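The values are calculated or read from the model by the stated rules, or taken from the named source; none is laboratory data. Quantities reported herein were computed from a predicted structural model and do not represent experimental measurements. Please note: Cβ atoms are built from the backbone with ideal geometry, for glycine as well, and neighbour counts cover all protein chains shown. The area values use the complete protein model at the heavy-atom level, side chains included, leaving out ligands, DNA and RNA. Shrake-Rupley method; radii C 1.70, N 1.55, O 1.52, S 1.80 Å.
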Amino acid sequence: MMKRRIVIKDEWPGHSVDLFTYPEHYHDDIESVYIPHGVIMDRIECLASSIQQDFEDHLVVLCVLKGGYKFCSDLVDFIKVLGRNSGKYLETRVEFIRLKSYLNDRSTEELHIIGSPDLSFLRGKSVLIVEAMIDTGKTMTALLKHVVTFEPKMVKVAGLLVKRIPNMAETLLDYVGFEIPNLFVVGYALDYNEYFRDLNHICVISRTGKLKYKV
């Protein structure tokens, strides 16, 4: 069954950067504003509502750093607000795992856990893995296999963005924000070699930006 998400068509060019504010030092580095910040927040609130309904009274949120930190923070905030305004409060504990899978704009498709790989605190817990971007799904598949070895009660995955590519990672995701074409996007904590995380919007990086910050 196709999971509910906003599908952005291949022909969508994004919004003109002149319609939005963004850090001046990225002038000429951004081709378009692909998903404005307000739209991102509205969609995350919808995801939070689904998660709040699906889980019981306690949830361990495993945030995939660095790209997932803003998505995770806003998602958890919405879950807390929804709990305060309803008869069901979902207690959340946030933990972090840092992965490295990109070089420039290419996925290495290998799982590199930075720091301790010990996730024994997940044993017997309901776990939600929060990731900003899923493309091939190979890194997430490897992470799920790693998480399962620690015997959590259940595991679900929330992805803000999933790329529409051959053999896309459809089956890995329980909660999906946006399905996008196979574009390299930055902003809202998504980076290009550690740049652009400070953009509020999700944007398409320009050729000039790729060349400027290439390593």
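Overview of results
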quantity: Accessible surface of the chain [probe 1.4 Å, protein heavy atoms]: carbon and sulfur percent; calculated: 51
quantity: Ratio Rg/Rh, restricted to the stretch 131-215 and using Cα atoms, in which Rh is the Kirkwood radius; calculated: 1.03
quantity: Angle in degrees between helix 138-148 and the longest Cα principal axis of the chain, rounded to the nearest 10; calculated: 20
quantity: Coil-residue trypsin sites (Lys or Arg not before Pro) of the stretch 54-101, DSSP, other Cβ within 10 Å capped at 13; calculated: 88
quantity: Residue with peak Gaussian network fluctuation, the chain [Cα springs, cutoff 10 Å], from 81, 61, 130; calculated: 81
quantity: Backbone N within the stretch 114-142 under 20 Å of label point (7 Å from residue 39 Cα along the Cβ vector); calculated: 132-135
quantity: Computed over the chain, the ratio Rg/Rh where both radii use C-alpha atoms and Rh is Kirkwood; calculated: 0.96
quantity: Helix-derived mean residue ellipticity, 222 nm - over the chain, DSSP H n ≥ 4, -39500 (n - 2.57), to 500; calculated: -7500 deg cm²/dmol
quantity: Cα principal axis extents for the stretch 140-186, largest first, Å; calculated: 35, 20, 17
quantity: Over 31 Å between alpha carbons, listed pairs 80/212; 88/163; 153/210; 9/153; 145/212; 70/212; calculated: 80/212; 88/163; 153/210; 9/153; 145/212
quantity: Crossing angle, helix 69-84 versus the chain [Cα axis fit, 0-90 degrees, rounded to tens]; calculated: 50
quantity: Scattering curve values for the stretch 1-105, log₁₀ I(q)/I(0), Debye with Cα scatterers, q = 0.10, 0.12, 0.18 Å⁻¹; calculated: -0.41, -0.58, -1.08
quantity: Sparse-neighbourhood loop sites, GluC sites (Glu not before Pro) in the stretch 51-100 - DSSP loop, at most 13 other Cβ within 10 angstrom; calculated: 56
quantity: Straight-distance crosslink candidates among aspartates and glutamates, where the alpha carbon sits under 14 Å from residue 156 and sequence neighbours closer than 8 are dropped; calculated: 54, 56, 131, 170, 174
